[in-house]
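Every number in this text was worked out from the coordinates using simple rules, so none of it is lab data. Quick caveat, the model's predicted, so the values are computed rather than measured. A quick note on method: Cβ atoms are made from the backbone with ideal geometry, for glycine too, and the neighbour counts reach across all protein chains shown.
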Amino acid sequence: MKRFLAFVFAVLALSCSRERPAAWQLSLDEKLAMTHAQSRFSSAGVPRLGIPDLWWSDGPNGVRAEALWDSWAQAGWTSDSCTAYPALTCLAATWNEPLASEMGVCLAEEALYRGKDVLLGPGVNIMRLPTAGRNFEYMGEDPLLAGKMASAYIRGVQSLGVAASVKHFALNNQEKARTRVDVHVSDRALQEIYLPAFRMAVQEGGAWTVMAAYNRIWDLHCSENPRLLTDILRRDWGFDGVVVSDWGAVHSTDAASAGLDVEMGTSTDGLRDNPEATDYSAFHFAEPYKEKLLSGEIPEEVLDTQVSRILRLQERTNLRPGRSHGRFVCPEHSALARKVGEEGIVLLKNSGVLPLDTLKALNILVVGENAIKKMAVGGGSSSLKTKYEITPLEGIREAFPLADVRFERGYVGDAGEVYWGVSAGQDLSDSRTPERLSADAVAASEGADVILFVGGLNKSRNQDREGRDRLSYELPYGQDQVLEALIGTGIPLVYVNVSGNPVAMPWAGRASAIMQAWYLGSEAGEALAAVLSGRVNPSGKIPFSWPSSLADTPFYGSERTCPGILREDGHIMDVYYDEGIFVGYRWYDRAGVEPLFPFGHGLSYTYFEYSGLKASFRGGRLRVSVVVRNIGTKEGKETVQLYVGAPAAGDGEAYERPEKELKAFQKVSLRPGESRKVSFEVPVSGLGYYDETLSRFVTVPGRYSIKAGASAGDIRLNKEIILTER
Ligand code: GLC
């Protein structure tokens, strides 16, 4: 209560007229201190008035280990080993909004226990390049799926008084030159593809903070971009929260007037040459800002507006009466982490070899470094120090007690990741040559009933990690050669891919089964084994298209579109999103190219039949229903996807529309033989395109194609209906 009263006084002090006692007035220095970092992960409160500091913490799928006051290095606590939940691409692959909210609540409980007020996630940047380094932290290629899942996650996190921070606003779609790239994108692609997930996070998720990205757009850094932070975010979308910079993403005090509220990170001019320096007065929102305020160059109203937003954030978080103290690493959190993994794992291909029978004395050979490697510590700022992490091999051995489970390394990738002092505590060094490793794996396969190859990427440098994109689409460390040798034995091979990005799989046609297993966190082995054994029927669907090769995408043909063209100054890199709105399945449909696996694809151990599609426009809404029936022998979950193809618009059909766009989805659980009518309602306004001359969305009358599908490449039912009025 005391804190809340302090908040009231402070707001009064800010908004009241001058005659209030000076003691209630926030001084200029007190107000300035609230707008920038005072340590690596905190910004100042007002001790005199009992207003606490604000504590910010990564990351999207777990509460990061405690850092030293002035450094990225770890504080070496013994009480900050968290539960690692699956990375958010896995969460997106569940297509389960209630589950996303549940994960948000668990994350908030762990953040509260650790004294954190803002959790720096979710990341919702659209997957444009299948090789971008942080796709594993984001939620795929479709703005509706990303927006819905992120909004559910945010509602969960914020329900306990911890703020989410939807990031990175906007257009962080590659890691290459991420602080120097200037993105050139059409207003239409910006509004139809790259912004909607952020808009939904604000308007449907109610995000209390937004993190401004490192890159530029319209030749201005996002953190000091008035069109982005004020016109779009606040005026158009009604955002009333705090905009925080990415760490070191502020380049001038202009950011204050542009709409940025809190400057975090180092790399400011005063600290650039010594990122470990502690001179926070050099921050752009410190002494330089004070000078501009005192000289009148920047009116004090700008500062007061920032501080009122920060106080509102504190009223919502650390000044909220009765806020829970949370809890850390408990059985319920482990169960939720496992459930997200089980529901996010995607069965991409199955010749019938899966599920494996746990009651048989099978001879199982497990091959691959990713079967034994702990992944949570890698990835960059989402790195986690975990209380525990069950590896795939451990999970498989536990799930198949009657089987003879043997392991062969197969290849050596990253022998031991240490990230800012946090280590997985593994020494995976192995002196054998690649040839020896492969030969040993083939030799060990003698007599095996099935080979489980657990490979993929590993969140180390260029392999799904912040700051660097992948340098190729192929699997690293010679995995393809080992896979070819093992497939050559004729023993059924199940390939389990651990990654946040698609990868080339030239042998896919000869693998008996393929599973996408994501970065699953603390319960990785349990979740994977549950699906391999059939204890859990897989229901995940990939939130991105899986091209056979990068040549099938529109990005890699020219430097202009990826990674961009370096300017004369050798600093800024201009990247052009020439493909416009045609990203992901929108591109493959238009190009007539069939990806290896389509967006929204995921098999089950049962089968679903669709029937009775009904669709109509009534009362300004598109109303659709379809009946889904489980025609197999196992209970299972199906995500029904509603796609809509709209008529082209504009003079000479200037506004070409994608063949189809995801407009709604619903996940249903059905027992064998059970049917369910799934209904959707989409406002007609949600079927529009962004008209660049009118600067707004427009829905045109005409013929609409309504499609119900199990994926973008598996449209089960389709009907055309006419919209007569706008
Ligand atoms: C990093 C990341 C951002 C993270 C922040 C704090 O550079 O871009 O996602 O939350 O800094 O670690």
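Quick notes on this one:
- Estimated 222 nm signal from helices in the chain, with DSSP H stretches of n ≥ 4 weighted -39500 (n - 2.57), rounded to 500: -6500 deg cm²/dmol
- The order of 397, 199, going from fewest to most other C-beta atoms within 10 Å of their C-beta, is 397, 199.
- A DSSP coil position with no more than 14 other Cβ atoms inside 10 Å describes the following trypsin sites (Lys or Arg not before Pro) in the stretch 405-452: 432.
- Ranking 393, 281, 405 by how far each Cα lies toward the positive end of the dipole of the stretch 274-424 (charges on Cβ) leaves 405 at the top.
- For residue 407, the residues 5 or more places off, or on other chains, whose built amide H falls under 5 Å of its own are 366.
- Local electrostatic count, residue 560, Cβ distance below 9 Å [Lys/Arg +1, Asp/Glu -1]: -3
- Across the options 355, 328, 375, the greatest Cα extent toward the positive end of the charge dipole of the stretch 320-379 (unit charges at beta carbon of Lys, Arg, Asp, Glu) belongs to 328.
- Kyte-Doolittle mean at least 1.0 and Cα axial length at least 18 Å: DSSP H helices in the chain: 2-15
- What you get for the stretch 2-316, charging only the Cβ of Lys and Arg (+1) and of Asp and Glu (-1), is a dipole of about 480 debye around the Cα centre.
- Whole-angstrom gap from the stretch 671-707 to the stretch 174-251, using each part's C-alpha centre: 26
- The GluC sites (Glu not before Pro) of the stretch 539-633 that meet both conditions, a loop assignment by DSSP and at most 12 other Cβ atoms within 10 Å of the site Cβ, are 568.
- Think of the chain as having a plus end and a minus end, set by charges on the Cβ of Lys, Arg, Asp and Glu; of 561, 573, 630, 630 sits farthest toward the positive end of this dipole.
- Of the chymotrypsin sites (Phe, Trp or Tyr not before Pro) found in the stretch 592-633, no site is in coil according to DSSP while having at most 13 other Cβ atoms within 10 Å of its Cβ.
- Taking each of 167/614; 116/349; 176/387; 349/707; 360/634 in turn, the alpha-carbon distance tops 30 angstrom for 167/614; 116/349; 176/387.
- When the alpha-carbon atoms of the chain are used, the pair Rg, Dmax equals 25.8, 88 angstrom.
- Proximal charge balance of residue 340 [Cβ under 12 Å; K/R count +1, D/E count -1]: -3
- Averaging the sequence gap over all C-alpha pairs within less than 8 Å and six or more residues apart, then dividing by the number of residues, gives the stretch 345-536 a relative contact order of 33 percent.
- Reported to the nearest whole Å, the Cα centre-to-centre distance from the stretch 391-456 to the stretch 472-539 is 13.
- A cut-off of 5 Å between modelled amide H atoms, ignoring neighbours fewer than 5 places along the same chain, links residue 456 with 498.
- Exposure proxy shown here: for 388, 411, the number of other Cβ atoms within 10 Å sets the order, fewest to most, as 388, 411.
- All lysines inside 26 Å of residue 290 as judged from Cα atoms, apart from same-chain residues fewer than 8 positions distant: 31
- Among 129, 107, sorting on how many other beta-carbon atoms sit within 10 Å of each Cβ, with the fewest leading, yields 129, 107.
- Whole-Å distance, taken between Cα centres, linking the stretch 32-48 and the stretch 589-631: 50
- Of the peptides 361-369, 72-80, 255-263, 661-669, the ranking by mean beta-carbon count within 10 Å, highest at the top, reads 255-263, 361-369, 661-669, 72-80.
- Straight Cα distances below 20 angstrom link residue 663 to the aspartates and glutamates 97, 141, 142, 192, 204, 589, 638, 681, 691, 714, 720, 725, with same-chain residues fewer than 8 positions distant left out.
- Lys, Arg +1 and Asp, Glu -1 on Cβ, resulting dipole of the chain about Cα centre, debye, nearest 20: 2300
- Environment charge at residue 249 (Cβ cut-off 12 Å; Lys +1, Arg +1, Asp -1, Glu -1): +1
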